[in-house]
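Below: the structure, in structure tokens.
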Amino acid sequence: MEFTVSTDARLDVVDVTDRVAAAIPDDADGTVTVFVEHTTAGVVVNEAEPNLLDDVEAFLSDLVPDEGWAHDRLDDNADAHLRALVLGPGETVPVVDGTPALGRWQSVLFVECDGPRERTVRVV
């Protein structure tokens, strides 16, 4: 199963927990992998509190400066690749009775590093 995520900014965090849950069969038990097939975006599990989402964006911006990278000579998005490298392309989530078995404050978050764009996220 896959779904599309649209973002509005270069660096954007979107809670996709409900879309992941909708992709899981009702009788499923085990795990699912949530994976983004792009080198400038990532998937993480963390809290979806709005101030924290803003902090994630600020953290990634501070961690990896926008400019000064060799890859920028090709397509001016090295910062996006490096931020995605830190995040990773996916997460494995336990499933019980067709429901993601996440902790009370955990959500599945899609992190765009080279937006705004439309991206495909796979749940397998």
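Just so it is clear, none of the values below were taken in a lab; they were calculated from the coordinates. In this text, all values refer to a predicted model and were calculated from it rather than measured experimentally. Cβ coordinates were reconstructed from backbone atoms using ideal geometry, including for glycine residues, and neighbour counts include every protein chain displayed.
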Enumerate the amide H contacts of V32 below 5 Å, restricted to partners 5 or more residues apart or on another chain; note that Pro and chain-start residues carry no placed amide H.
V93, V95
Name the shape class, rounded, prolate or oblate, that the alpha-carbon gyration tensor gives for the chain, where a ≥ b ≥ c are the square roots of its eigenvalues, rounded holds for a/c under 1.5, and otherwise prolate holds if a/b is larger than b/c and oblate otherwise.
prolate
Output ³J(HN,Hα) for segment 30-42: one whole-Hz value per residue in order, computed from phi by the Karplus curve 6.51 cos²θ - 1.76 cosθ + 1.60 with θ = phi - 60°, and x for Gly and Pro.
x, 9, 10, 10, 9, 9, 10, 8, 9, 8, 10, 8, x
Angle between the Cα long axis of helix 78-87 and the longest principal axis of the chain, 0 to 90 degrees, nearest 10?
30 degrees
Computed over the chain: longest principal axis from alpha-carbon atoms vs helix 50-63 long axis, angle to nearest 10 degrees, is 40 degrees
So, by mean Cβ neighbours within 10 angstrom, what's the order for 8-18, 70-80, 111-121 with the highest one leading?
111-121, 8-18, 70-80
Counting Lys and Arg as +1 and Asp and Glu as -1 over every other residue whose Cβ sits under 14 Å from the Cβ of E49, the net charge comes to -4
Which of W69, W105 has the fewest Cβ neighbours within 10 Å, and the rest in rising order
W105, W69
Provide F59, F110, F35 in ascending order of the number of other Cβ atoms located within 10 Å of each residue's Cβ, fewest first.
F59, F35, F110
Please turn the phi angles of segment 103-116 into ³J(HN,Hα) values with the Karplus equation 6.51 cos²θ - 1.76 cosθ + 1.60 (θ = phi - 60°), one per residue in order, whole Hz, x for glycine and proline.
x, 3, 9, 8, 9, 8, 10, 8, 10, 8, 10, 9, x, x
